[in-house]
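Heads up, the thing below is written out as C-alpha cells.
The values are calculated or read from the model by the stated rules, or taken from the named source; none is laboratory data. The shown structure was predicted, so the numbers you read here are calculated from the model rather than taken from an experiment. Virtual Cβ from ideal backbone geometry, glycine too; neighbours counted across all protein chains shown.
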Amino acid sequence: MSEEEYYYPVVSDNLPKHIKKGHQLVFSRQDLSAREADMFALMIAHMKTSDWETSTPHYEFTSHQLSEWLGLESKHIGSNLSPVANRLASRKIGIKVETQKGDIEFDYRPLFKHIAYKNSVLTMVPNDMLKPEYIEYNQGFALINTRNFFDVKKEYSKRLYELLSRFKDKGYEMHQQKIDELKGVFGLLDEAGKLKKDKISFKNNSVFMKRCVRESIKELSEHPQISKELLFLESDKGDKGFELIKKGKTITGIKFIFRWLKLGTIDELNQHDAMKTIKELEIKRLQNNVRLSDVELETLAIAYRYIGKDELALKVEESLSKRHLQQDSQESEDSQQALDSLLEKIDTLSELSDNPDY
C-alpha cells in the first residue's frame, strides 16, 4: 500500500473530554509505564469507529499538541518521547478469551504496527489485529476523563482509574475481583500467567495491596478533580475503597467499594451558587432537623470542595459512605430473608405435591 492510500484521521487541537475504552481493553493484561499509558490513551481518545472504514488509521500528533496535552516542553519532546515510543512499539497486551470448554486463556498481541516521531510529528498506527477490541463496545466500555487520566502520575493509579471508570453506570456493579486476575490487570504477569521477573516482590499480597491498591486509592482520592467525581467508601474493617475477600488467612479477592458522583454541577458552580447551596442545605439539616438525601449530601460535599473547605467535604462524604454501607448491609439481609422464604415455600409445595422429579 502506498503512503497516499493511508488514512489519517483529522486530529483537532481540542483534546477530547473522554477516552472511550472497550471492556476487553480495560480488563486486558498490559504493562505500561505512566508515560506509555498516556501516549496509548492519547490515541484511544481520538479514535472513532469510522476511522477504520477504509484502512488501518494513522494518527498524527504535532509537537505543539503533545506539549500541551502531556505537559512536556516543546524543545524536549523528541528526547522525552523517543525512548517511550520505542518501548511502546514492542508492547503486547493479553486479551481474555473463553474457550468452548469454559477455560479462560489470554491471547497476546502487539498494540501497534508502527510508532515514529519525525519532523516534530508523532505517528501512531494501531495493530489491526486488535480492531474489535479498539472499536467494539458490545461488552460495555469505560468512559475515562481524559484530563484527569493524564494528570494522574503513577502507572498503577492510572490502571485503577480506568478500571473503576468501567463502572460509572449504577446499573452495572463491579463484582469482587480475584486477586490473581487483578495482578494481570495491573501488568504483573507474563504470558504464562506467572509473575514477571522484575515483579517478583508482588508475590507477597501485602506488597500488591500496598503499591497497587492502597497507594492508588490514596492518589486518586487526594486528586483535586477526581475527588469531586469519585467517592471511595470505607469498609466495616476501616479500609478505604475496598474490602478484602479471604479464605482463611489468605487473600483471594478484592471488592472495590466506591461511588461515582454523577452530579455534573462541579464545572458549572460559582462562588455564589456554592455558598447558596451550603446555606440552604445546612439550614435544612441543622435548623429544621431534616435528614438530607444522598443526592443532597453529594451536592453539599461538592459545594464545600468548590470553596476549598475540603475538611468539611470529607466529613459529609464519610457520612455518605457510612450510609451506603448500612444500605448494602440491609439489602444483603433482605435478600437472604427473601431467599429463605422462597426455599421454605418450595419445601412446602414439594410436600403437598408428593415431591415429583424435576
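Just a few scattered comments:
- If only residues of the stretch 24-81 that are charged (D, E, K, R) and buried (at least 18 other Cβ atoms within 10 Å of the Cβ) are counted, the one that is nearest to TYR8 (Cα to Cα) is ASP51.
- Residues that are in the same structural domain as ASP169 (by TED's automatic domain parsing), closer than 14 Å to LEU320 by Cβ and of a type in the set (Phe, Trp, Tyr) occur in the stretch 225-234; there is at least one.
- For the stretch 221-232, the criterion of being crowded, with 18+ Cβ neighbours inside 10 Å and over 25 Å from ASP151 (Cα atoms) is satisfied by no residue at all.
- Residue match in the stretch 107-128 (condition: assigned to a helix (DSSP H, G or I) and at pLDDT 90 or above): yes
- Hey, SER293 more than 24 Å from the chain's Cα centre (by Cα) and at pLDDT below 85 or not: no
- Looking only at the stretch 273-290, residues that are at pLDDT 85 or above and either in a helix (DSSP H, G or I) or assigned by TED's automatic domain parsing to the domain that holds PHE256 (or both) come to 12 in all.
- Residue satisfying all of: in the stretch 201-216; in contact with a Leu (Cβ under 7 Å, 6 or more places away or on another chain) and not polar (S, T, N, Q); surrounded by the most Cβ atoms within 10 Å (Cβ to Cβ) among these: PHE202
- Cβ-Cβ distances below 6 Å connect the following pairs, each with a first residue in the stretch 62-74 that is closer than 19 Å to GLU36 by Cβ and in contact (Cβ under 8 Å) with a residue 40 or more places away in the chain, a second residue that is part of a helix (DSSP H, G or I) and among the hydrophobic types (A, V, I, L, M, F, W, C), and a separation of six or more residues or different chains: SER63/ILE77; LEU66/ILE77.
- Within the stretch 305-320, the only residue that satisfies the criterion of being more than 18 Å from ASP294 (Cα to Cα) and of a type in the set (Lys, Arg) is LYS309.
- No other residue among GLY187, GLY193 is part of a loop (DSSP other than H, G, I, E, B), crowded, with 20+ Cβ neighbours inside 10 Å and not basic (Lys, Arg) apart from GLY187.
- Elements of type helices (runs of 4 or more DSSP H) contained in the stretch 20-77, each with 2 or more residues being in contact with a helix residue (DSSP H, G or I) (Cβ under 9 Å, 6 or more places away or on another chain) and charged (D, E, K, R): 34-46
- Filter result for LYS210 (in a loop (DSSP other than H, G, I, E, B), charged (D, E, K, R), free of Cβ contacts under 8 Å to residues at least 12 places away in the same chain and over 26 Å from MET39 (Cβ atoms)): no
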